[in-house]
Amino acid sequence: MNTRLRIHREGRTLLILLCLLLFAVHVPIYLYSPHAIFAVTLVLSAVVLVFVTFFFRNPERVLDVDDPTAVVAPADGTVVVVEPVVENEYFHEERLQVSIFMSPFNVHANWYPVEGMVIESSHQKGRHRGAWLPKSSTENERSLVVIRTCTSALVAVRQVAGAMARRIVTYAKPGTEARRNVHMGFIKFGSRVDMYLPVDTEIFVECGDIVRGNQTVLGRLPKQTSDNNEENNIV
């Protein structure tokens, strides 16, 4: 097993700038302040540096799943919603929503939950309310990615910014191939990921379950869905 700490590319520049800033701050403190003050600031700075490094960790995860209908968790966190809803941003029809809340201590990389082709990718500005609140899905800053699977099912994944999250990064673009073990994006500092699946998707998790991105199988898409007949109309 590879235990080497890997830092996500979204955090490398920030960590370098943070190290330079802390060095610049501590030089005058070391030269002109009592040793006790320098020791305290050094400990506090080390805590901040460790937390930021921990937040941007990028564990190597490889999942070998042969089932094309398998839906894999796109993020680490806690399942906070499993229910049918009317999705009005893209589908304008009933879908099965599965939402995962990510605390600041979770890995914040987002993986593709299914394999297929990205047919839609959009970003909307909005508020920065707590990501655990139901209205955050429609009122907060968010990005929407829609994937057509190899079985012609349509799956939407929404990255939602939280109270602390101020930047959503989405790598998925229309025409991009969605593949397992590949990052779809990244959300910085506390957030949420919503999935909108066909209503007859078989779900293996429930609210309160802890899931791991690109590791936990959340459910199985139906082999035949209404999307098969409507795929030419929703593009």
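Among the residues in region 91-102, are any out of contact with any strand residue (DSSP E or B) (no Cβ under 6 Å at 6 or more places or on another chain), surrounded by fewer than 22 Cβ atoms within 10 Å (Cβ to Cβ) and in a strand (DSSP E or B)?
Checked against the condition, which is being out of contact with any strand residue (DSSP E or B) (no Cβ under 6 Å at 6 or more places or on another chain), surrounded by fewer than 22 Cβ atoms within 10 Å (Cβ to Cβ) and in a strand (DSSP E or B), region 91-102 yields at least one hit.
Scanning region 19-64 for residues that are surrounded by fewer than 13 Cβ atoms within 10 Å (Cβ to Cβ) and outside any helix (DSSP H, G or I) turns up P34, E60, V62, D64.
List pairs: first residue in region 79-90 and within 20 Å of V146 (Cβ to Cβ) and not assigned by TED's automatic domain parsing to the domain that holds E206, second residue part of a strand (DSSP E or B) and modelled with pLDDT of 95 or more anywhere in the structure, Cβ distance under 7 angstrom, at least six positions apart or on different chains. Between residues of region 79-90 that are within 20 Å of V146 (Cβ to Cβ) and not assigned by TED's automatic domain parsing to the domain that holds E206 and residues that are part of a strand (DSSP E or B) and modelled with pLDDT of 95 or more, there is no close pair.
Screening H108 with (1) in contact with a helix residue (DSSP H, G or I) (Cβ under 8 Å, 6 or more places away or on another chain); (2) farther than 30 Å from C150 by Cα; (3) assigned by TED's automatic domain parsing to the domain that holds G213 gives one miss only, at (2). For region 1-18, residues that are hydrophobic (A, V, I, L, M, F, W, C), surrounded by 12 or more Cβ atoms within 10 Å (Cβ to Cβ) and either part of a helix (DSSP H, G or I) or in contact with a strand residue (DSSP E or B) (Cβ under 6 Å, 6 or more places away or on another chain) (or both) total 3. Scanning region 44-74 for residues that are at pLDDT 95 or above and within 30 Å of L15 (Cβ to Cβ) returns V72, A73, P74. Within region 19-35, residues that are touching a residue at least 24 places away in the same chain (Cβ under 8 Å) sit with their Cβ atoms under 8 Å from residues that are surrounded by 11 or more Cβ atoms within 10 Å (Cβ to Cβ), at 6+ positions apart or across chains, in these pairs: C19/L49; L22/S45; L22/V48; L22/L49.
The values are calculated or read from the model by the stated rules, or taken from the named source; none is laboratory data. All of these numbers come straight from a predicted model, not from anything done at the bench. Neighbour counts run over all protein chains shown; Cβ positions are idealised from the backbone, glycine included.
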